Each structure stands twice: as structure tokens, then as C-alpha cells.
């Protein structure tokens, strides 16, 4: 018995091995695309002389210029848009695509007829606002989050005001 593989099989395996070896080189690199998840932010370094940022669709992403040419890109809605960075004379320094994708966390989606509810399950499931949720559910979560934020702001202002009075 011979343990030698047939020539056609050796050729096929060699081609497969070479393909796997060079596969990462064939994947197109997209350095001009900023990928960010909805409701998350990413820092991007730009030339220090950037003075103005223009966002194609601010409902999809927000771009905030920080000192030193750093921008904060925040995903606000699903889809793609772009941003253009210019210097003081209006020269375009950067024109990049922003791709906003769905949340990366562990989510559970519950459908009640046509209405959708989303829960973040890390590690326990909690209500979460997600684009596409039913109007009633989304509004309820927004209202609760706003009330909680208002209470926290009032408590913080009360604490700082009390500290100022005693000084």
C-alpha cells in the first residue's frame, strides 16, 4: 500500500495552503473608513491644524474636534455618512467615511406583535433604548432615563451648593 496522495489532490491542497497564506494580503484595507457602533464613541487622530469639521449627516454620527487634532466620532444612528476636516484657509485635509453599525453588546430582542423591545444582557438583562424599538417602549425608557438623569443632576447641584454655603 502506498501512502502517497494522488497528484491532483496534492495540487489542490497546495493551492489551498497558498491561498490561506496570502489571504490576509488580499483583504482590502479601508483606512479611510471609521467604523463605530451606535451609542459608542471612537477617537480618531487627524492633522493638528484641523480647524473645521463638517459632518454629512449628523443624525448618523457626531464628530467633535478636540485639541491637538483628535476628533471624537459618536455613532448616533445606523448607516453611513462622511466627515470633512479643513484647516483655517478652507483646505480639505481629510475626507473620511463613517460607518455606524449595530450595538456590539449582548442584546435580547423581544417582539410583541409588531412592537419591539431591546434588553442589554451583560450579565443581567436591563431595558435599553435601541433605534427601531416600539414607540411606547422607547418613550418609556427615554422618560425613565431622563427622570433618573434629572434626579442625579439635582442631587449633584444640591451637594455642590451645600458645600459652597458652608465655605
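The values are calculated or read from the model by the stated rules, or taken from the named source; none is laboratory data. The shown structure was predicted, so the numbers you read here are calculated from the model rather than taken from an experiment. FYI the Cβ positions are ideal-geometry reconstructions off the backbone, even for glycines, and counts take in every protein chain you see.
Observations, loosely collected:
- Residues located in the stretch 118-138, provided they are over 20 Å from residue 75 (Cα atoms) and either modelled with pLDDT under 85 or surrounded by 10 or more Cβ atoms within 10 Å (Cβ to Cβ) (or both): 121, 122, 123, 125, 134, 136, 137
- Across the stretch 88-107, the number of residues qualifying as loosely packed, with under 15 Cβ neighbours inside 10 Å and over 18 Å from residue 38 (Cβ atoms) comes to 6.
- When the criteria are applied in full, residue 148 meets the requirement of being out of contact with any strand residue (DSSP E or B) (no Cβ under 7 Å at 6 or more places or on another chain) and at pLDDT below 90.
- Looking across 133, 115, 87, one residue alone is in the same structural domain as residue 59 (by TED's automatic domain parsing) and in contact (Cβ under 8 Å) with a residue 12 or more places away in the chain. It is 87.
- No other residue among 75, 69 is modelled with pLDDT under 95 and more than 23 Å from residue 146 (Cα to Cα) apart from 69.
The rows are residues; the columns are (1) more than 30 Å from residue 122 (Cα to Cα); (2) more than 16 Å from the chain's Cα centre (by Cα); (3) part of a strand (DSSP E or B); (4) at pLDDT 95 or above.
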| position | (1), (2), (3), (4) |
| --- | --- |
| 8 | yes, yes, no, no |
| 19 | yes, yes, no, no |
| 95 | yes, yes, yes, yes |
| 109 | no, yes, yes, no |
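- Enumeration of residues in the stretch 90-112 that are touching a residue at least 40 places away in the same chain (Cβ under 8 Å) and closer than 30 Å to residue 48 by Cα: 93, 94, 95, 96, 97, 98, 99, 100, 101
- Residue match in the stretch 70-79 (condition: part of a strand (DSSP E or B) and over 21 Å from residue 51 (Cβ atoms)): yes
- Counted residues, the stretch 57-77 - those being surrounded by fewer than 17 Cβ atoms within 10 Å (Cβ to Cβ) and in contact (Cβ under 8 Å) with a residue 40 or more places away in the chain: 1
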